[in-house]
Structure formats: structure tokens, C-alpha cells
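A.B. asks: Quick one: the structure is below, and I'll ask about it shortly.
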Amino acid sequence: MSVKHEYRPVYQTSLVDPAEFWTTAAEAIDWDVAPTQIIDTNARPVARWFPDARLNTSFNALDRHVLGDAEGAGSRAEQPALIYDSAMTGARGVYTYAELLREVSIFAGAMRRLGVTTGDRVVIYLPMIPEAVIAMLACARIGAVHSVVFGGFAAPELAARIDDAEPVLIITASGGLEPHRKIEYPPIVLRALEIAETNAPRAVIVKQRKQFQTINFPAPQEATESLPSSSETIAARWLDWDDAILDAEPADPVSVAATDPLYILYTSGTTGKPKGVVRDNGGHAVALAWSMTNIYDVGPGQVMWAASDVGWVVGHSYIVYAPLLVGATTLLYEGKPVGTPDAGAFWRVVAEHKVRVLFTAPTALRAIRKADAEATLASQHDLSSLRALFCAGERLDPATYEWASTTLLAHRPDCPVVDHWWQTETGWPICANPLGLQPLPIKSGSSSVPVPGFRLRVLDAEGNPVPANTEGNIVVGLPLPPGALTGLWQDEPRFVRSYMSAFPGHYLTGDSGYFDDDGYLFVLGRSDDVINMAGHRLSAGSIEAAISGHPAVAECAVIGLADELKGQRPVAYVVLKEGGEFADIAPERLREELTVLVREQIGPIAALHDAIIVSALPKTRSGKILRKTIRQITAGEDYDIPSTIEDPAVLVALADQILSGRTPIAPIPSSSDADPATPA
Ligand code: COA
Ligand code: AMP
């Protein structure tokens, strides 16, 4: 790997002269109207990047690679753009850039024929099939704003997103495939539309899959008259994907402002209501293109595989947009790291498709290690194409790093295992080892150094910078770089409250950690009530809301405890209502019913680990539950009785109950209390 620039001076330039830095980076994008202004810092609460520029993201991801340069040289029309590999069905497929462009243009034309136009929202609720990528890029093509919802979310979570985004169209499939289970999506969409309070979308398009019973939709011309009765009031038309695209005119890319929204992606905050993170077009394209070259070191023609789901930010950025923006080949994998069929699944895919960079979550590596500790299955595949294994979603714990670098990749000293830290909000890494720029020494447990554009600081609760090796709140000095969120969908007050108000002039990441003497960041965990389970971000508040729906429950507190495989697991402390038919409910029955309830309300990914009945929950005088203290007691850590406590006797009673009846569970590195905006 050749060293093109040194990291330090590049990082310094990005902070001292962001306009200069991002002007150069913006050259990687084809603009309809090139930016003359790089950043508008007068905009509040965040800067707007490239405010006078115009572009189309799908043109940059597809058309320009097919067209090549002015003479047509350098066309990538016949190069694979998207490889599809399903461990669930055995299907394999390749879309060249020309083919993907054709599919995207036609689907964009079909959406336009249905009346979808620039600025309209489109909810995409699809499994890991190529149509997910096609639908997202087709939205980008006509300037519609997509909002992809992860297939593991249940109807109420889908409904919450529909209510907030108010889509004119929903795109779904006949179902998704999980090991030993088929999940039909149309009933979930129907249920979500019944729950949702907003106006019904004009249409629902359904991609039918061979693995599911064929649904007989009315032919397009008679669709409005002959809907199934249950759906009459909740969407004007239900259409088969193939009917929707029949004879559709391919749509040309629409020029949008760089600051126009490309997508909304909902993520868990500390309350039950998800946050609609808004991403723009211009800053996003520039930042992602820069990251491909300088962080991942992946360029045109090379294969990048982000083994995530398109429903998460990693899927948006590194399955769909970033690889295509730079003319690389992306890989869409439907399957698991283990059990489909075994713990060699990832290595088969790497070998078969000559993957250069694999991006996965530590929990997936732990699952593989558990099933194949000696990495015997990995050794059966040719992994020589692999140049780096990137991890994110949670901290790459030292034990997993050690295993991956010494056992899994024992014979590959040239293939680093790289932890990098980011969030749905930032859209791309905040801290990383910038392999394309200058590979730096790796320190186990650290996500390495701040990425250019991110002015990182670690502050104490009063907002003062803490010395090296001291834990505090990790914040980013404003302006946030291009690609980071530009707001929360139609909720600026929440945006300011959640991210901008704790430390004026800074974005609050919600994570705590410390810098070491060499400027390496160690992220230790969330300082709020976000739970990270198997790389899925869940809010304690939404699990509590689901539990509160049980007729026996008066109030509850959910905390995340350390879990060897999944990182964290949710545990609920429940106070029962006095009197009534459930006052004497058996703990075992309550646990079972709450587990089912959480699964129904949030989805199968929110697996409640335990529910413990207590007589009262410790609170502050202002009524906030002391989750941090409960977590410390449960984990067997030392704890102080907070000065703001309402009734210390409640805490003492809870501690007695926990410590007398339960074995302490391994502590997790996290801090802070109930208030979402209260730093550690
Ligand atoms: N649709 C429907 N159900 C889903 C689903 C989806 N898209 N994804 C997961 N589920 C279900 C699973 O089938 C499982 O159901 P079950 O309880 O009936 O068995 C449940 O949700 C729990 O799923 P999960 O916690 O993911 O466990 P798992 O055993 O299915 O998989 C891992 C474990 C580690 C392989 C998986 O969690 C993983 O790959 N995580 C990484 C996530 C990620 O990429 N995050 C982004 C950051 S990089
Ligand atoms: P999400 O928005 O779902 O990507 O989750 C973001 C959160 O996951 C962060 O705020 C962190 O708490 C955690 N996270 C992601 N990547 C890392 C990492 N490399 N190290 C530590 N925590 C991480």
C-alpha cells in the first residue's frame, strides 16, 4: 500500500481550512452546478455544505461510470456494480453498471408514473434483495427521499416511521428469510398502516419472491376498484413490482440542490420515538467518496462487502452509495455469519467474489469464533483477495481483535483488522485507521484517530476538556463535516435538544471514552440509554414503552447489561400495579409475556433477556429513574447514592433484592443517568 499523504497534516488542514480541504474532495463528484461556496456557517444549527451546488446522487453512482469520460473512454458499463449472494436461497447474481442503471431508471420511471415526485417520501421495507438497492437509487434519481426500515422491526415500529415520514409510497416484498423462518411482509405493512395515523400512501409496491406464495394483485387498471377489503382504506393501490415497472419509461436523473435531503434514516434515541436522521445529497456524496479512497482504500473495479443490512446506516453508506460513487463493486449478502450453512459463510463469500475489504460487526466475529474457534472453516477458503477487515457497530473488544488478527487471519499480516467508530448520525466514520491515506499502527481496543473533518474533544460534565487517559463525553466541535446529519426530520427542537445543547458549539455523540497520549481514541460505550445489542441500536425507552403496555405493569426501567456474544442485552426492572387481577402474577409468566410483548412491539431483534419484579424504582427528586445506579448494582460495581435521590431507602431495598437473589453480571463500560441530554 503506497503512502500518498501523511495523516496528521491532512487532518490539520481539514480543521484549519475546511473550505480548502472539501473543495479538493468535491472534485470527485460530477456536479450539475459546481459549488462556488463550500460551507455556509451562518446556517443554524448546523452548517450547510455546498449550498449553491446541484447534482444527482444516482447519476454519480451509476450514469457517469457507464458514460465514461467525454470521449466515452473509461466506461464501466460492463463492470460488475452489484453482486448479489444469498446464502438463504442459493441465488447468485451480478448487475453490471449498465444493467443496474437500466433497472434503476425504469423503477424510477415507474415511481414517477405513480405520481412520486421530488421531495416526496418513500418508505422501503425490503429484505436483502437487489430491489432494495434499486429502489433506493431510483428514489435518489427522481429526488424522492427514501426512508428504509430494517426488516427486523415489527409493525408498530414501522408505523411510527410511516407517521413521521408521511410517505406517498411504500415498497415492500412478499417476505424475508431468516434461518428456519419465513416472514411475510405484507401483513406487517397492513398492520402498520392500520396503526399509523397519517394519511395512507398512494400505493404499496410488492416485490414477489419465489420462496413465498404468489399474491394475486388486481391488474393495474382495475386496482383501485378491486382491493382486498382490509386494505381499502389504508392505501389506494397495491401493486406487484413487475406490474409497476411494465412499460415504464426510464427516468432521467433530476438535478437537486446539494442541500436537499437524500434520505431519512430512523434511529433509536433515548425515548420511545425514533429519530429521523436527515442526510443531504452533496455533502454525503463528497464525504463517502473521500472515505472510500482514504479510509477503506477501495477504488474502481475493486470489491467492497459491507456485511450489514440496508436498513442500517452501514448498509446505506457502504452497501449502496459509497462503493458505487467511486466505481467499485458492492456486494449484497442475504444470510448470517453462522448457520447459513456454517461459520465459513463469510469466508466463502470473500473467496468466491474476491472481496478486497470486508466490513462487519464484532458480534458477527464473536458468533463465528464461538462456532469455529480455530478458524478451520476460514482456512478452507482462499482469502488472498482480502486487504482489510473493518469492524464497527460496537467497540471491537480486545479478545475479538486478538482472535481475528492472530487466529482468523494468522497468515495474513498484510490484512489488518481495523476498528472504526461511527453512528447513524454521522453517516461515515468519526474515528478510523485511514488505510488509504496512511496506515497507522493499530492499538487493540481503540478505533484509532479522528477522521479528517471531525474536530473531536473529550469533555467533563462542565464542558472542560479532560487530560489524556481520562474518560469523558466525546463531542465533535462544529461544524460537523459533510455527510453528517443535517437535522432530524421536521423536528429541529429535538435535534438541538439531543445533540447541540449539552455543550454549546459541539455535537454530543452520546458516547464516552478517552484519548491516550498518542491521540488514539478509546470509545467505552454510550453515556445515555441507548442499548447496542448484536450491532442493533435499541432504545431503552421504546422497550420500556412496550413493557408498560402490559396490564400488570405500573412502571419499569430497562438497562443494558454486558453480553458475551451480543455486546449487550436488555434487562427490565418492573413494578407491578397494586391490586387487580395481575397483582400476584407469577414472575415466570410475566417474563414470558413481556418477552413476547417486546418482540411484537419492536421486533425479533429486541430480545428481552430478563424481567425482574421489584417493589419500587429509585428516582431523582424530579422523577427520573436512576438507571445508571441500577445498572451498577446489577453489574456488581461500586456505586454512590446520588445526592438528587428522592428516597434512598428505595435504592437500598433494590440493592438488597438484587444482591441477595442474583449473581452480579459482568460490568459494562458505560456511564450516566436517565436524562438523555445529560452528559456523563
Ligand atoms: N428480519 C426479521 N427478523 C430478523 C431480521 C430481519 N431482517 N434480522 C434478525 N431477525 C431476527 C432473527 O431471526 C432472530 O429471531 P429469533 O429470535 O426468532 O431467532 C432475532 O431477530 C434476533 O436476531 P439477532 O440478534 O440479529 O441474532 P441472530 O442470531 O439472528 O444473528 C448475528 C446474530 C451476530 C449474526 C447478527 O445479529 C448480526 O449479523 N449482527 C450484525 C448487525 C449489523 O450488521 N449491524 C450494523 C453495524 S455493522
Ligand atoms: P448506530 O447509529 O446504530 O451505528 O450505532 C452507533 C453507536 O454504536 C455509537 O454511538 C456507539 O455507541 C456504537 N459504536 C459503533 N461503532 C463503534 C466502535 N467502533 N466502537 C465503539 N462503539 C461503537
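The values are calculated or read from the model by the stated rules, or taken from the named source; none is laboratory data. Because the structure is predicted, anything quoted here is derived from the model rather than measured. In this analysis, Cβ positions are derived from the backbone assuming ideal geometry, glycine residues included, and neighbour counts consider all displayed protein chains. Remember, those area values only see protein heavy atoms, side chains included, never the ligands or the DNA or RNA. Shrake-Rupley method; radii C 1.70, N 1.55, O 1.52, S 1.80 Å.
A.B. asks: Quick one: net charge of Tyr95's neighbours, Cβ under 14 Å, K/R +1, D/E -1?
C.D. replies: Values: positive: Arg76, Arg92, Arg102; negative: Glu78, Asp85, Glu99, Glu103, Glu131.
Combined, the nearby Lys, Arg, Asp and Glu give -2.
A.B. asks: A further question on this structure: Checking the a/c ratio against 1.5 first, then a/b against b/c, what shape does the Cα gyration tensor give for region 1-139? List each step's numbers first, then the result.
C.D. replies: Numbers: a/c = 1.85, a/b = 1.46, b/c = 1.27.
In terms of gyration-tensor shape, prolate.
A.B. asks: Once the whole set of protein chains is in place, how much accessible area is left on Glu184, using a 1.4 Å probe, in Å² to the nearest 10?
C.D. replies: The value for Glu184 is about 110 Å².
A.B. asks: Run the 1.4 Å probe and let me know the accessible area of Thr270, rounded to the nearest 10 Å².
C.D. replies: Its heavy atoms expose roughly 20 Å² to the probe.
A.B. asks: Counting only heavy atoms of the protein chains, get the accessible area per residue of the chain (1.4 Å probe) and round it to a whole Å² value.
C.D. replies: On the way: 25280 Å² over 680 residues.
Spelled out: the 1.4 Å probe surface of the chain, per residue, equals 37 Å².
A.B. asks: Rank these residues by their accessible area, most exposed first, probe 1.4 Å: Phe150, Phe50.
C.D. replies: On the way: Phe150 25, Phe50 0 Å².
My answer, sorted largest first, is Phe150, Phe50.
A.B. asks: I would also like to ask the following. Select from Ile613, Ala653, Val598 the residue farthest towards the positive end of the dipole of region 528-673; place +1 on Cβ of Lys and Arg, -1 on Cβ of Asp and Glu, and compute about the Cα centre.
C.D. replies: Of Ile613, Ala653, Val598, it is Val598.
A.B. asks: Over all alpha-carbon pairs in the chain, figure out the percentage whose distance exceeds 46 Å.
C.D. replies: Values: 35965 of 230860 pairs.
Within the chain, distances greater than 46 Å cover 16 percent of Cα pairs.
A.B. asks: While we're on this one: Roughly to the nearest percent, how much of the accessible area of the chain is carbon and sulfur, given a 1.4 Å probe?
C.D. replies: Values: 12780 of 25280 Å².
Reported share for carbon and sulfur atoms: 51 percent.
A.B. asks: Now, a different point. Rounded, prolate or oblate: which one fits region 245-304, using the alpha carbon gyration tensor with axes a ≥ b ≥ c (rounded when a/c is under 1.5, else prolate when a/b beats b/c, else oblate)?
C.D. replies: oblate
A.B. asks: Over what distance in Å are the Cα centres of region 496-574 and region 367-439 separated?
C.D. replies: For region 496-574 versus region 367-439, the Cα centre distance is 24 Å.
A.B. asks: Mind running the shape call on region 321-444? Use the C-alpha gyration tensor, a ≥ b ≥ c as the square roots of the eigenvalues: rounded below 1.5 for a/c, prolate if a/b tops b/c, oblate otherwise.
C.D. replies: On the way: a/c = 1.43, a/b = 1.23, b/c = 1.16.
Since a/c stays below 1.5, the shape of region 321-444 is classed as rounded.
A.B. asks: So for region 268-348, taking the charge dipole from beta-carbon charges (+1 Lys/Arg, -1 Asp/Glu), which of Val338, Gly311, Ser268 sits furthest toward the positive end?
C.D. replies: Ser268
A.B. asks: Any idea how far the Cα center of region 1-63 sits from the one of region 249-313, in Å?
C.D. replies: About 15 Å separates the Cα centre of region 1-63 from the one of region 249-313.
A.B. asks: Moving to a separate point now. Under a 1.4 angstrom probe, counting protein chains only, how are Glu194, Glu27, Glu99 ranked by accessible area, largest first?
C.D. replies: Details: Glu194 100, Glu27 140, Glu99 70 Å².
Per-residue accessible area, sorted high to low, gives Glu27, Glu194, Glu99.
A.B. asks: Once the whole set of protein chains is in place, how much accessible area is left on Arg348, using a 1.4 Å probe, in Å² to the nearest 10?
C.D. replies: Only protein atoms counted, so the area is about 50 Å².
A.B. asks: So if R0 is 25 Å, what FRET efficiency would Leu478 and Asp252 give, r being the distance between their Cβ atoms, rounded to the nearest 0.05?
C.D. replies: Details: r = 37 Å, r/R0 = 1.48.
So the FRET efficiency works out to roughly 0.10.
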